[in-house]
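Report on the following structure.
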Amino acid sequence: MAISILSCLRIFTLVMFVLEPNRVLGSRHFGFISYGDNGAGMCASTVATHGYKCQEFEVKTDDGYILSVQRIPQGRVGGGGQIRQPVLLQHGVLVDGATWLLSPPEQSLAMMLADNGFDVWISNTRGTRYSRRHVTLDAKDSEYWNWSWDELIVHDLPSVIDFIFKQTGQKIHYVGHSMGTLIALASFSEGREIDKVKSAALLSPIAYLSHMTTALGEVAARAFVGEITTIFGLAEFNPKAGPVNKLLKFFCAQPGVNCYDLMTAITGKNCCLNSSTVEIFLNDEPQSTSTKNLVHLAQTVRDGVLSKYDYGSNYNLAHYGETKPPKYNLGNIPRDLPLFLSYGGQDALSDSKDVETLLDYLKFHDVDKLHVQYIKNYAHADFVMATNANDLVYNQIISFFRNYA
């Protein structure tokens, strides 16, 4: 039987794990902040329940967005007196930092890092449930949603990294999944925050999307590039709202698109998901992003290059001083920056051919600083939820970070 549209939307969120970034103007530290319908922040609702200490922070970007950041300063067995290296976990689009906390502690990257002596920080993108505030704008205002992943590179990511560096006095290790890898790669290519980053682990790396092997993804990309979303009047892309429901119905009605198994259709066939973990995820409402952000991702699919947002030739001239948007040159990433890339043979979003294009840009990287892992039967969601990711991926990341302590 066909799955409901709401179920499709929730699974669609799981699919798009793909993400946000300058100077901290101000911040506050709270023990626990009340957020969401259950009155509890991520620390209280997701971390402390497993016996871990957890702290809630707010980080204000230079364009006024107030981001929620969580910190797990130590493992369950203590060890708070020792100096622990900070690790920042950055999620993808249409989800939030809870992505890293879906599995039991022994299978969760965040908690495994804490238990292995690291100081874990979790960022939440602007527009998600814990990061919907702004100094002057309301999330109901269309102007609040006037951003793409360009702004995440310029404003959010540097703000969070600067904040962690100020709090700890140490360079960070970085972990990104999907769009969390995109903003990191583009940021590194422009030399942003390189002096505060010790190494980076990139899971299901997204930079080039020309070989995306999903019919629904291709239809959606064409629709967003064609600005069909302006017909629906969307500034906020809210998976729970009626207009997005209509949009998904439109996508699913296109020839060659099968929405019966939506997650597999977009992410590829994930090998190793636990049904209870997926259920926990699906019980968590999908998170909003800006429609402009999805349009920018769709432009990447269309153009086959990694560029800043394309406003059209006339507006590009006003915005950039040239008719075409500037490209991000990943060949400019410092060759001595330690990188760990892990990708899967069944991933329909981070396709192997596109990862090979990325690796070609990194061909002059220092050989001993570039570590590449290929997992033949992994798809997009496996890297954050697979039952065996702790053994196959997370232990490798921990060893990688320790090599560059």
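Pull up the range 284-308, narrow it to residues that are under 30 Å from HIS365 (Cβ atoms) and in contact with a Pro (Cβ under 6 Å, 6 or more places away or on another chain), then point me to the one that is most open to solvent (accessible area, probe 1.4 Å). It comes out as LYS308.
With respect to the conditions (1) open to solvent by less than 10 Å² (accessible area, probe 1.4 Å); (2) in contact with a Ser or Thr (Cβ under 7 Å, 6 or more places away or on another chain); (3) at pLDDT 85 or above, LYS327 falls short on a single one, namely (1). Only helices (runs of 4 or more DSSP H) whose full extent lies in the range 341-404 are considered here, and the ones with at least 3 residues that are modelled with pLDDT of 95 or more and over 16 Å from THR181 (Cβ atoms) are 395-403.
For the range 309-324, filtered to residues that are of a type in the set (S, T, N, Q) and open to solvent by less than 70 Å² (accessible area, probe 1.4 Å), the residue that is farthest from SER189 (Cα to Cα) is SER313.
Restricting attention to the range 261-274, does a residue exist that is assigned to a loop (DSSP other than H, G, I, E, B), at pLDDT below 85 and open to solvent by less than 10 Å² (accessible area, probe 1.4 Å)? Yes, the range 261-274 has at least one match. Beta carbons closer than 6 Å, at least 6 apart along the sequence or on distinct chains, pair a first residue in the range 286-303 that is hydrophobic (A, V, I, L, M, F, W, C) with a second that is surrounded by 22 or more Cβ atoms within 10 Å (Cβ to Cβ) and not in a helix (DSSP H, G or I) for LEU294/PHE237; VAL301/LEU209. What number of residues within the range 376-405 are surrounded by 14 or more Cβ atoms within 10 Å (Cβ to Cβ) and of a type in the set (Gly, Ala, Ser)? Number satisfying all stated conditions: 4. Screening the candidates GLN346, GLN373 for the property of being surrounded by fewer than 22 Cβ atoms within 10 Å (Cβ to Cβ), closer than 21 Å to TYR404 by Cβ and among the polar types (S, T, N, Q) yields one hit, GLN373.
Restricted to the range 296-327, and to residues that are of a type in the set (A, V, I, L, M, F, W, C) and over 21 Å from the mean Cα position of the chain (by Cα), which residue is farthest from VAL355 (Cα to Cα)? Applying the filter and picking the extreme gives ALA318. Which of the residues belonging to the range 353-382 are among the acidic types (Asp, Glu) and farther than 20 Å from ILE398 by Cα? Selection gives ASP354, GLU356, ASP360, ASP366.
Scanning the range 73-87 for residues that are surrounded by 22 or more Cβ atoms within 10 Å (Cβ to Cβ) and either among the small types (Gly, Ala, Ser) or over 19 Å from the mean Cα position of the chain (by Cα) (or both) yields a single hit, GLY75. The criterion of being open to solvent by less than 10 Å² (accessible area, probe 1.4 Å), of a type in the set (Val, Ile, Thr) and more than 18 Å from the chain's Cα centre (by Cα) holds for ILE333.
Pairs are defined by a Cβ separation below 8 Å, a sequence spacing of at least 6 or placement on different chains, a first member in the range 168-190 that is surrounded by fewer than 22 Cβ atoms within 10 Å (Cβ to Cβ), and a second member that is part of a helix (DSSP H, G or I); the pairs so defined are LYS171/PHE165; LYS171/ASP195; LYS171/LYS196; SER189/LEU330; SER189/GLY331; SER189/ASN332; GLU190/ILE153; GLU190/ASN332.
The values are calculated or read from the model by the stated rules, or taken from the named source; none is laboratory data. Small disclaimer: the values here were computed from a predicted structure and weren't measured. Note: ideal-geometry Cβ built from the backbone for every residue, glycine included; neighbour counts use all protein chains shown. Protein only, heavy atoms only, side chains kept; ligands, DNA and RNA dropped before computing areas. Shrake-Rupley method; radii C 1.70, N 1.55, O 1.52, S 1.80 Å.
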